[in-house]
Amino acid sequence: MRIFILMPVAACLFAMRLPAQEPTELMNRMRAMEDRIRALEAEVETLKAQQAANPAAAAAPAEPSAVPIPAAPAAPEAAAPAQQIAQQAPGGPPVYGGAAPAAAKVFNPDISLIGDFVGAAGGSGNRATPSLEMHESELGLQAVIDPYARADVFITFGEHGVDLEEGYLTFTSLPGALQLKAGKMRAAFGRVNTMHNHVLPWIDRPLVTQNIVGGEDGIDDAGLSISRILPAPKNIFVEGTAQLYRGDSEGIFQAVRRNDVSTVEHLRAYRDLSESTNLDLGASYARGHSPFGDGSNQLYGVDATLRWKPLRRAIYRSFIARSEFIWAHAVVSGLHTGTFSNRPAITLFGYYVGGEYQLARRWFLGGRFDRSERGACLPTFPSTTTACSLLPAANALFQDTGGSVLLTYWPSEFSQVRGQLRRTHYGEGPTANEFLFQFVFSMGAHGAHPF
């Protein structure tokens, strides 16, 4: 039938070009068209014969496969649109047949790795640190479990072993606008205790953290955390957090019995002071069994953070001021009774004040001042090398004072180079003048940390 339809059309086309073409050329073109029409006719007859030989297979619709088909490389023009990747199998979940590799990622968590390399030069006083070390490599696994929960796991690899820094499940859709966390996590005590190493604004941690709050690990334990945003007037954001932990945090709490659990409470208030300035205030309390005697160790803290960033006038100018004040009341009756013979408990105080100014797109200049008391025979993190047995009983409390100047360069959001000049005068007498440097790099999709 096609030959009868196409012949008149071909005749008209050739008739229009007849005056301008030679007879031999016209004959060649007509022969070529006749050959093409015969080939098309033969193809149609073959298809009709196949249909007549197996009419049942031709009438049945193609049934979708219920088994996922592995993804295979394909030309760009053959790639299926994203909305056609998932096919619904009868009575079953979506089937990702022939999907691109990115489609399979929906079943995997976000994976990241952050490396932290630290070096030091100069005199270290009585708190020695290595000259060079791969301080930490943090592997992060984060994913949304379902519409009601998400999971975050952070595993740290250091030169001395592997540790679970945090691993917890967060329930985000509880009644009463509550949020619950369960697992091992950093306690919501102050600001520095909640920070991972790679988000610190300094290479080291302040003296008050090293002497009173357990150093780098801090209050990091297995437990439960419940928080809620509280109503407040005048555009003030208020959040209350209550946490219950097993009670084991080195240098801070030690659970001797099962009921020696520790608790942490934190109240946070945030308010925008202007379009470019905001203020963040916090108050913290922690209590647990003392590792130095049969009694309790209690921590009190207040923190403040002021941020300034004028986005309309200068997107590469900003300033952040931070400060934290911490008090500790610890029972020490079971530790070195000769030194603390008249002190069944001691009270310690420490603080830091710091700031960071953005000079340009990638350059930041910062500074910090530290001061902290500590018990002469109580552990510090890093450890103090002065032997406790050599200390006079009259000097049961020491006071350490330090100051730092920092310069940070960000080649991109995936890497950071930082240098820090640090001078520390320790209570026993020695003074340390040090230069610290740090390289931080990031791979993969690492979720944002709390603001």
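The values are calculated or read from the model by the stated rules, or taken from the named source; none is laboratory data. Since the structure is predicted, the reported quantities are computational estimates derived from the model, not experimental observations. Quick reminder, even Gly has a Cβ in these numbers, built from the backbone with ideal geometry, and neighbours come from all protein chains shown.
Assorted remarks:
- Per-region count, region 323-369, residues touching a Ser or Thr at 6+ places or on another chain (Cβ under 6 Å), at pLDDT 95 or above and among the aliphatic types (A, V, I, L, M): 1
- Subset of region 395-418 that is aromatic (Phe, Trp, Tyr) and not in a loop (DSSP other than H, G, I, E, B) - its residue that is modelled with the lowest pLDDT: PHE398
- Per-region count, region 148-177, residues of a type outside the set (D, E, K, R), within 17 Å of PRO450 (Cβ to Cβ) and part of a strand (DSSP E or B): 8
- Given (1) within 18 Å of ILE111 (Cα to Cα); (2) of a type in the set (A, V, I, L, M, F, W, C); (3) surrounded by 15 or more Cβ atoms within 10 Å (Cβ to Cβ), index of the condition VAL144 fails: (3)
- Criterion applied to ILE326, ILE320, ILE315 was being more than 30 Å from GLN254 (Cβ to Cβ), β-branched (Val, Ile, Thr) and crowded, with 16+ Cβ neighbours inside 10 Å, and the one residue passing it is ILE320.
- GLY223 vs. criteria surrounded by 18 or more Cβ atoms within 10 Å (Cβ to Cβ) and either free of Cβ contacts under 8 Å to residues at least 24 places away in the same chain or outside any strand (DSSP E or B) (or both): no
Conditions (1) surrounded by 15 or more Cβ atoms within 10 Å (Cβ to Cβ); (2) under 18 Å from GLU356 (Cα atoms); (3) free of Cβ contacts under 8 Å to residues at least 60 places away in the same chain, marked per residue:
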residue	(1), (2), (3)
GLU434	yes, no, no
PHE437	yes, yes, no
PHE441	yes, no, no
GLY447	no, no, no
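- Residues in region 173-191 that are touching a residue at least 12 places away in the same chain (Cβ under 8 Å) and either of a type in the set (A, V, I, L, M) or loosely packed, with under 13 Cβ neighbours inside 10 Å (or both): SER173, GLY176, ALA177, LEU178, LEU180, ALA182, MET185, ALA187, ALA188.
- Region 119-139, subset without any contact (Cβ under 8 Å) to a residue 60 or more places away in the chain and aliphatic (A, V, I, L, M), residue surrounded by the fewest Cβ atoms within 10 Å (Cβ to Cβ): LEU132
- Flag if PRO55 is over 30 Å from PHE437 (Cβ atoms), of a type outside the set (A, V, I, L, M) and at pLDDT below 55: no
- Within region 277-299, restricting attention to residues that are surrounded by fewer than 17 Cβ atoms within 10 Å (Cβ to Cβ) and not aliphatic (A, V, I, L, M), the residue that is farthest from the chain's Cα centre (by Cα) is ASP294.
- When LEU421, LEU378 are checked against the criterion of being over 30 Å from GLY140 (Cα atoms), at pLDDT 95 or above and either buried (at least 19 other Cβ atoms within 10 Å of the Cβ) or touching an Asp or Glu at 6+ places or on another chain (Cβ under 9 Å) (or both), LEU421 stands alone in meeting it.
- Residue that is modelled with the lowest pLDDT, among those in region 104-118 that are surrounded by fewer than 17 Cβ atoms within 10 Å (Cβ to Cβ) and either over 25 Å from PHE441 (Cα atoms) or in contact with a strand residue (DSSP E or B) (Cβ under 7 Å, 6 or more places away or on another chain) (or both): ALA104
- Residue match in region 232-249 (condition: within 23 Å of LEU200 (Cα to Cα) and either among the hydrophobic types (A, V, I, L, M, F, W, C) or without any contact (Cβ under 8 Å) to a residue 12 or more places away in the chain (or both)): no
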